[in-house]
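Enquirer: Below: one structure in structure tokens.
Every number in this text was worked out from the coordinates using simple rules, so none of it is lab data. Quick caveat, the model's predicted, so the values are computed rather than measured.
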């Protein structure tokens with residue numbers, strides 16, 4: 001299988017070059033448009049959980 005792929009890549013060098021170049025352009029474009037937050041929000045996260053445990057305080061939960 002690998003031998004077949006290598007043979008096809010060598011036979012179709014320009015197609016491989018076009019595909020590789022296209023992937024590089026799309027990757028560069030995606031990298032430039034992904035938002036990056038220099039100072040991420042690392043504030044306190046809170047989760048509200050509703051549960052019952054008769055006879056126990058919320059701290060025991």
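Enquirer: Between 38, 51, 30, which gets the highest mean-square fluctuation from a Gaussian network model of the chain, Cα cutoff 10 Å?
Expert: Of 38, 51, 30, the Gaussian network model singles out 51 as fluctuating most.
Enquirer: Turning to a different aspect of this structure: Please give the calculated 222 nm ellipticity per residue for the chain, where each DSSP H segment of at least 4 residues contributes -39500 (n - 2.57) and the sum is spread over every residue; nearest 500 deg cm²/dmol?
Expert: After summing the helix terms and dividing by the residues of the chain, the value is -16500 deg cm²/dmol.
Enquirer: Follow-up. If all Cα-Cα distances of the chain are sorted into 5 Å bins from 0 onward, what percent lands in each bin, rounded to whole numbers?
Expert: Pair shares across the bins are 3, 12, 9, 9, 8, 7, 6, 6, 6, 7, 7, 6, 6, 4, 2, 0.
Enquirer: May I ask you to compute the full-extension gain from residue 25 to residue 6, defined as 0.36 nm times their residue separation minus their alpha-carbon distance, rounded to one decimal in nm?
Expert: Length difference between fully extended and current span is 4.5 nm.
Enquirer: Among 39, 19, 48, whose mean-square fluctuation peaks in a Gaussian network model of the chain (Cα, cutoff 10 Å)?
Expert: 48
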